[in-house]
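Report on the following structure.
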Amino acid sequence: MRRLSISDSEVRNVKIFGLVTVALFMLCVSVFEFVFLRLGETLPYEDVVRRQQLNEELYYSPRYFNVGDIYKIYGVQSSKPEIIALGTSRIMPMEQKHIAGAKFYNAGVDASTSREIAGMLKILKSLDREAMPGGIVLGIDSWLFNPNYPANRQDWKSRMKSSLERIPVLAGFYAAYQFVAQRTKSYDMFIADKGSWFEYLFPAPQETGIGLNARMAQGGFRSDGSFHYPDSHKADNVREISEWRQWLARDQYRFTAAADIDPNALNNFKGLLEFCRTKNIKVVGVLLPFRGDFYSALTSVQPQAGFFEKFRKTIPSAMNAFGYPCYDFSSPEAMDLTTEDFWDNLHLKQTPFGKIMKRILVEFHDEPMINTVL
Amino acid sequence: MLFNTFGYFVFAITAFFVFLAAPGKWKRTVLLTASYFFYSFFGVKSALLLFSVSLVSFFFGITMRSVRSSRRIYYLWGAIFLHVATLVYFKYAEFIVMNVNYFLKEPLSPIHVIMPIGISFYIFQSLAYLFDIYLEKIQPEKHLGYFLLYLSFFPKLLQGPIERASQLIPQLKRGYVFNYNKIAEGVQLIIVGLVKKMVVADRLAFFVNEIFSDVVNFSGLVLVLASYIFTFQIYFDFSGYTDIARGLGKIFGIELSENFQAPYLATNIQEFWRKWHITFSAWLRDYLFTPLLSQFRNFGAWGVVGAVLITFAICGLWHGPAWGFVIFGLIHGAYMGTSILTLKKRNELWERSRVPAGWVRKWRIFVTFNMIALSFVFFRADSMKDAVYILTHLTGPVDLSILFQAYSAIEILSLIAAVALLAKSPGFAPAISINTNRGLSQQFYYGVMVNLLIFLGVKKYAPFIYFRF
């Protein structure tokens, strides 16, 4: 076999090419990172929480990154609330003013898969003893327990992910891969963003928001962890019930028809309740309302309605078995809510949470760990 | 597994290192195995079909030379029949049945055939091989392994170039010599090809797809712009593929043919087809147009036009089973026929006009480019109805806001930067290229290109346009 010979000058050429490429790469990364940092997109969560505690009016809403559980963990950890909210995006508008008297933090996350139930437990387990709340308002949704929702299926990716996370060295590699993948996605989003970010690169001394979305639209997470839609946000139009029925019948992602509750998700849920019981945390479950047009369709299209009905029976009885109450406000009529109280078919505006909390706060009155008189 | 995927990158790197490590006489076996392994990703049945077509060509080739010359024509027709029947069955059966049913009272049952990827390319390559043997331009290949590799060599298997046996087989037989410069050239071509595809073509596709998927909602300048942008998209897409294929070929010590030579700088349609999809145009010229021309020689200029029209109708149909492609071919046939008949007169007129030669050239490039862009409307439109709609709604409101809804400022700037850089890449446009082959500027140039790819390449999977042909 002929020897593979490369001359010194050729080696030098390859080295120069490598160096130039890496140098340019670093330069590009620096520019992206500088812009992200200036916009508050990549500000460490500790700093975000610290700044929000100093200025309670400050919104936090990055545009190119998802807000992770860690932000909420820092938030709970530093504010040491007596009551926290846990759950999906539907609980996120709930805020301090709805629980006058007790210190509150909303640790709800943009959760849509059954894995997020384990995420809620992770939030609780990450807290120091002093930060452990005395009560939890738990907003639960049917899709967390839907085995047919594509995102809930135990595909090879999630199996691989959970296997990797068990082995420390591989978990490190996986975390690095995730970091790179997330950054790459953020850079792509930034490049394709048609909005104007340049004017927010150098904000006025009186900072009004952390993250580009917060700066652009004055909305996002507040210091109490609650999420506020910006004033410019427009509510979705109400649709014909028949239109929603057709939509649901097409097995729209979270509402894909399923015969039964996902046993794994239910086990995780019971694990969460068990943890709360051992820590003497009072949990109050809430099945939050849907907008009337959507609710009518959801309860009348089979087999989706059948699954929803099972969810409404199974979850409250699972909670009751642990001695915890669960309020079913799925129907908007239960709280006299109108279409004006919703942003869209799923998400409530801020105000109606006052009504909901009035009904359930009574559950926390005699809790010894909640010191404040509610 | 396409050139612009991570899977292909891993495959190509692995194949190269196994190829390097293999002893001399085993290197071609490695390439053959890698080629069939690669093609099997598109279905084992597809690989079996490729193997069968190769065997048929191989045995017909050998037999054709071993029989008396007067009987060779029968073997040639036999081979042509088998190849064309295979192509027609896999590529056009559905289309034929659908169109025949249009005229029948009792329609035939519809046929659903999955077209093997790259079939048009390797069938045309097989036919070229058989024609060349018949015409005694080449000797039949007696080594089955080399012949199988000639048809299946993976860098050019899916979208060409359509290589001639006389060009490729001798290279396959030649021993591999490790050559740093060749590998460096190959890597450079791959980088340029990926930038053309992922940074330019795939991003241009955002706008083009948005408009062409719903043409009736647009009119005026938007449709004109979408047609122009598609003209560039298809060039960057296809020439990007060819660059990657040629780059990979170089890495394995094989020189594949060039398929593009600044086609949009052509000053007339004949020149365009000498610069666009060169290996395909040359195939049509040598094995279709020239024989037709000799059949029609008694009809003078009209015989030439007839041969041109038939050639281009087949050229259009080769692209796919759709009337849009046939119309595209016929338009080019009409362009070409008119161009041939009037070229002399036009040249005389320009000479008499005393307009400076430089201006005449620019004007001709402009006119030729616009004619090409117009024909591509039929190529890209989802249906004939859409194509007619576009051509009848080219005038109207000048509202380009949709362009700025499709692209951010950074995307527009990056497209301009990428095209400006590509214009300086070797072979992009000889008239405007600068020498990037020497010194630090070269390292810097390719360093920038790699970073363009990393940061501005569209990561979402987008198959090459010619992939479906």
State whether the residues of segment B:270-289 include one that is farther than 25 Å from B:LEU158 by Cα, assigned by TED's automatic domain parsing to the domain that holds B:TRP359 and of a type in the set (A, V, I, L, M, F, W, C).
no
Could you list all residues from segment B:373-394 that are part of a helix (DSSP H, G or I) and either touching a Pro at 6+ places or on another chain (Cβ under 8 Å) or not aliphatic (A, V, I, L, M) (or both)?
B:SER375, B:PHE376, B:PHE378, B:PHE379, B:ARG380, B:LYS385, B:ASP386, B:TYR389, B:THR392
Would you call A:VAL76 at pLDDT 90 or above, within 24 Å of A:LYS358 (Cα to Cα) and buried (at least 22 other Cβ atoms within 10 Å of the Cβ)?
yes
Test A:ARG12 against the criterion of being over 30 Å from A:THR113 (Cβ atoms) and away from every other protein chain (no Cβ under 14 Å), and give yes or no.
no
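For the condition touching a Pro at 6+ places or on another chain (Cβ under 7 Å) and more than 14 Å from every other protein chain (Cβ to nearest Cβ), what is the one hit in A:PHE227, A:PHE173, A:PHE202?
So the residue among A:PHE227, A:PHE173, A:PHE202 that is touching a Pro at 6+ places or on another chain (Cβ under 7 Å) and more than 14 Å from every other protein chain (Cβ to nearest Cβ) is A:PHE227.
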For segment A:8-36, how many residues meet the condition of being modelled with pLDDT of 90 or more and farther than 21 Å from B:VAL450 by Cβ?
3
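For the structure I just gave you, tell me whether B:LEU144 is crowded, with 21+ Cβ neighbours inside 10 Å and under 24 Å from B:LEU48 (Cα atoms).
no
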Segment A:15-56, subset aromatic (Phe, Trp, Tyr) and away from chain B (no Cβ under 12 Å), residue nearest to A:ASP224 (Cα to Cα):
A:TYR45
So which residues in segment B:239-269 are under 21 Å from B:LEU158 (Cα atoms) and outside any helix (DSSP H, G or I), if there are any at all?
B:PHE252, B:GLY253, B:ILE254, B:GLU255, B:LEU256, B:SER257, B:GLU258, B:ASN259, B:PHE260, B:GLN261
Give just the number: which of (1) farther than 14 Å from B:VAL222 by Cβ; (2) loosely packed, with under 13 Cβ neighbours inside 10 Å; (3) of a type in the set (A, V, I, L, M, F, W, C) does B:VAL398 not satisfy?
(1)
Mind counting the residues in segment B:1-58 that are touching a residue at least 60 places away in the same chain (Cβ under 8 Å), within 14 Å of chain A (Cβ to nearest Cβ) and either of a type in the set (Val, Ile, Thr) or not in a helix (DSSP H, G or I) (or both)?
0
Pick from A:GLY211, A:GLY219: which is buried (at least 22 other Cβ atoms within 10 Å of the Cβ) and within 17 Å of the chain's Cα centre (by Cα)?
A:GLY211
Within 30 Å of B:THR86 (Cβ to Cβ), of a type in the set (Phe, Trp, Tyr) and modelled with pLDDT under 90: does that describe B:PHE37?
no
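The values are calculated or read from the model by the stated rules, or taken from the named source; none is laboratory data. Every value quoted in this text rests on a predicted model; they were computed, and no experiment measured them. Every residue, glycine as well, gets a Cβ built from its backbone with ideal geometry; the counts of neighbours run over all protein chains shown.
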